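> The structure is given below, and queries will be raised subsequently.
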Amino acid sequence: MQSSGRYHPHNLHTAERWLSVLAGGILAGSALRQGKAGIPRMLVGAALVYRGTSGFSHLYHALGVRTAPSSATLPYEIGVHVRAAVTINQPRSTVYAFWRELENLPRFMKHLIDVEPLAEGRSRWMAEGPGGRRFTWDAEVISELQDEYIAWKSLPGSEVDSAGSVRFNEAPGGRGTEIRVRLQYNPPAGRFGAFLAKIMGREPQQEITADLRRLKQYLETGEEATTKGQPQGPSTSRRHSVGKMLEEALP
């Protein structure tokens, strides 16, 4: 997401930029000797020179690919960005405590299979992608303030680059807690992978919105939201499990 339609960050490695300029120059030079017949080659050469000098590839940008080095785990200009919000009729401390226990996240995030807490604020995540393929990555909490917000990001070298934050605000009129979620991730194959997921019925915005609706139902009723093809009522054991957890979380 760019602040200006004319600004493009570098997404090409220095070596790739020099190679583009060199190849473009060779093509343009050979095209000059061909007269009108060399115009197509001249255009390609000019495009390669521009690619190298600008350090920006429109194709890479479209696919969410980046070869330029970056100190950020997930450079902001690539990947998929999702925002969603929901109001839950529970105290802010209760909602925060439930979310902060990261192993609770798979209870309402449909694509998550497991979140395993590790040492020093780190955790191991497992998710299911399109076609049933499973992905695993490690993440760490990078910032938090009790009952107000939590922010996290995946560790360098993870199979899935991701970052996110959730804020917990008092809902107007004493209606409980408003939570606002922001997610950014660069799925395998970049934006092309996200496009494939979308056409296979895994559109990120719809998924996180549905996840938050399930969270709302968990925390307000102690029952799981059913999905198509599953029994219409939650099992007694799961109702008891969620209900007990809510009782323990309430002050």
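The values are calculated or read from the model by the stated rules, or taken from the named source; none is laboratory data. This one's a predicted model, so the numbers in the text were calculated from it and none came from an experiment. Cβ sites come from the backbone with ideal geometry, for glycine too, and all protein chains shown count toward neighbours.
> Consider R191 carefully, then state whether it is modelled with pLDDT of 55 or more and basic (K, R). Before you say what the answer is, go through the steps one by one.
Numbers: modelled with pLDDT of 55 or more: no; basic (K, R): yes.
The answer is no for R191.
> Would you list the strands (runs of 3 or more DSSP E) that sit entirely within the range 118-186 and hold 1 or more residues that are out of contact with any Cys (no Cβ under 8 Å at 6 or more places or on another chain) and farther than 20 Å from E101 by Cα?
Values: elements: 122-128, 134-145, 149-154, 161-170, 177-186.
Result: 122-128, 134-145, 161-170, 177-186.
> For the range 103-117, enumerate the residues that are among the aliphatic types (A, V, I, L, M), buried (at least 16 other Cβ atoms within 10 Å of the Cβ) and not in a loop (DSSP other than H, G, I, E, B).
To start, the set of residues in the range 103-117 that are among the aliphatic types (A, V, I, L, M) comprises 105, 109, 112-113, 115.
Restricting the remaining residues to those that are buried (at least 16 other Cβ atoms within 10 Å of the Cβ) gives 105, 109, 112, 115.
If the condition is that a residue be among the aliphatic types (A, V, I, L, M), buried (at least 16 other Cβ atoms within 10 Å of the Cβ) and not in a loop (DSSP other than H, G, I, E, B), then L105, L112, V115 are the ones that fit.
> Another one. Could you pull out the residue among E140, E148 that is under 16 Å from the mean Cα position of the chain (by Cα) and over 17 Å from I208 (Cα atoms)?
Numbers: E148 fails: under 16 Å from the mean Cα position of the chain (by Cα).
Result of the check over E140, E148: E140.
> Something else about it: Take the conditions surrounded by fewer than 19 Cβ atoms within 10 Å (Cβ to Cβ), part of a loop (DSSP other than H, G, I, E, B) and either at pLDDT below 75 or not hydroxyl-bearing (S, T, Y) (or both) and apply them to V65. Does it pass? Walk me through how you get there before you give the answer.
Details: surrounded by fewer than 19 Cβ atoms within 10 Å (Cβ to Cβ): yes; part of a loop (DSSP other than H, G, I, E, B): yes; either at pLDDT below 75 or not hydroxyl-bearing (S, T, Y) (or both): yes.
When the stated conditions are applied, V65 passes them.
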